[in-house]
1. Give me the one-decimal nm value for the distance between modelled label points at A:ALA152 and B:THR207, 7 Å along each residue's Cα-to-Cβ direction.
2. Report the B-A buried area as the accessible area lost on both sides summed, probe 1.4 Å, in Å² to the nearest 100.
3. Could you pull out the longest piece of chain A with no exposed loop chymotrypsin sites (Phe, Trp or Tyr not before Pro) in it, calling a site exposed if DSSP puts it outside H, G, I, E, B and it has at most 15 other Cβ atoms within 10 Å?
4. Normalised by the number of residues in the range B:1-160, what is the relative contact order in percent for Cα pairs under 8 Å and 6+ residues apart?
5. Would you kindly calculate the mean projected area, averaged across all directions, of the convex hull enclosing the Cα atoms of the range A:2-198, in square nanometres?
6. For the range A:2-198, which whole-number percentage of the solvent-accessible area (1.4 Å probe, protein heavy atoms only) is attributable to carbon and sulfur atoms?
7. Just the number, please: Stokes-Einstein D of the range A:37-138 in µm²/s, Kirkwood Rh from C-alpha pairs, 4 °C, 1.567 mPa s.
8. Suppose each label sits 7 Å from its Cα in the direction of the beta carbon; what would the A:ASN37-A:VAL163 distance come out to in nanometres?
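The values are calculated or read from the model by the stated rules, or taken from the named source; none is laboratory data. If you're wondering where the values come from, they're calculated on a predicted model, not measured in any experiment. Cβ placement follows ideal geometry from the backbone for every residue including glycine, while neighbour counts extend to all protein chains displayed. Each accessible area value is taken on the protein alone, full model and side chains, heavy atoms only, with ligands, DNA and RNA left out. Shrake-Rupley method; radii C 1.70, N 1.55, O 1.52, S 1.80 Å.
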Amino acid sequence: MIAIIDYGAGNLFSVQNALSYLGLSFQVTKDKKAIENADGLILPGVGAFPDAMEKLKESGLVEVIKNEAVKKPFLGICLGMQLLFEESDEFTLTHGLSLIPGRVEKIVCPYKIPHMGWNHLEIQNTDSPLLYGIKQNDSVYFVHSYMAKTTAPYLSAVCDYGVKIPALVERGTVFGAQFHPEKSGEVGLRILKNFGGLVK
Amino acid sequence: MLNKRIIPCLDVKDGKVVKGINFVGIKDVGDPVECAEMYSRQGADEIVFLDITATHEERKTIVDVVRNTAKKVFVPLTVGGGISSVEDFAALLRAGADKVSINSAALKDPALISKAADRFGSQCVVVAIDAKKMEDGSYHAFVAGGRIDTGVDAVAWAKEACERGAGEILLTSMDADGTKKGFDLPLLNEVCSVVTVPVIASGGCGTLEHFSEVFEKTDADAALAASLFHYRELTVGEVKTHLREKNIPVRL
């Protein structure tokens, strides 16, 4: 059973639709016990970093997420991925969940912001369990204006947008996808299926 | 780099797919969910539903169409047609739409663009513009399926829409639409030169070359077509294979 963490900042429907389509069992919850008892966790997120962290705090979920994410497969999506880092510059300096070293900054590049559309994955870690069956240069769907800055051991895939944007990061049981696997066609479904495969 | 997007558009009336030619003479065809699934299998990068239902009461059918499609199709979905309030946005986004496109409501009340962008983010606010060339060489924005000239300069309106928070411009050339003689390159170039958001080219494509031409000769980020794909004159896959041969980046 995968728990999709519902903290009021995110469109949960697309993730639910994708998991249902793949036949993965899940529940949408903000209950600490349910999060502790789940076999895997997904943290979605749409919106701004400070607002999302505030909502996680109000829901009293920061500690349980930090404790559980290192015990079982955990996937942050889009803003949910950015929350995994130590801090963000979005609007005002805000501390994140600090599950992966790095920080979140505005994308600085010569192109249009937000970075929105289908971009190519440049796979850095061919051993990433989430990238099983995914080919170099497969495309996935991005919508974001801020990006993570982190270092090599955590970068499983990046994409090029005038600057190398971390697309998939991981540290132990903790995974983060800057793109939306639930909106990335067959490639995205495969990545979610791979995540589902890690969940007991 | 970002891929250029190919977007099939499904015109939906009372929950069924139809296609108008030059905005008149509508034929009834299939089930929108099945059509969207087929397009997704062919490699569509996004799917647009344009709701051409006439009455307000019947509009909730489009919400059901979106909800059912989002269970089976995992690429971004955009919905346009008859959206006039932030509540309409909320209902469609809740049903699984990723973007909502507004046209006449935005011309009537430009503040709707910023209201929706503030609440849901610019990335889900698409402003659709139906532009027609005037005798003096300027372009006017038309509404009501191309029947009413608003008198508003289409290029200036595109710029204003972006400043108000539109995340994307869906630009249809009323002159090119239905002609199959190619996209309206001069119009696209004028609009692309004044906006900072992605522009979707719409209206006029009839051949594979029209797709490569629009990406080679304008800064359009995406190309949209309805009848061409609907009547299977070309498939999304054929278009993308052609673009790849022309070294235009696409998702294959």
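1. Each label point is offset 7 Å from its Cα along the Cβ direction, giving 5.1 nm.
2. Details: alone 11230 and 8920 Å², together 17930 Å².
By this definition, chains B and A bury close to 2200 Å².
3. On the way: sites that count: A:PHE91, A:TYR111, A:TYR132.
Between the exposed loop sites, the longest stretch runs A:1-90.
4. Values: 269 pairs, mean separation 23.8, N = 160.
In percent, rounded to a whole number, it is 15.
5. Values: hull surface 38.0 nm².
Seen from a random direction, the Cα hull of the range A:2-198 projects 9.5 nm² on average.
6. Values: 3740 of 7510 Å².
Answer for the range A:2-198: carbon and sulfur cover 50 percent of the accessible area.
7. Numbers: Rh = 15.3 Å.
Rounded, D is 85 µm²/s.
8. 4.4
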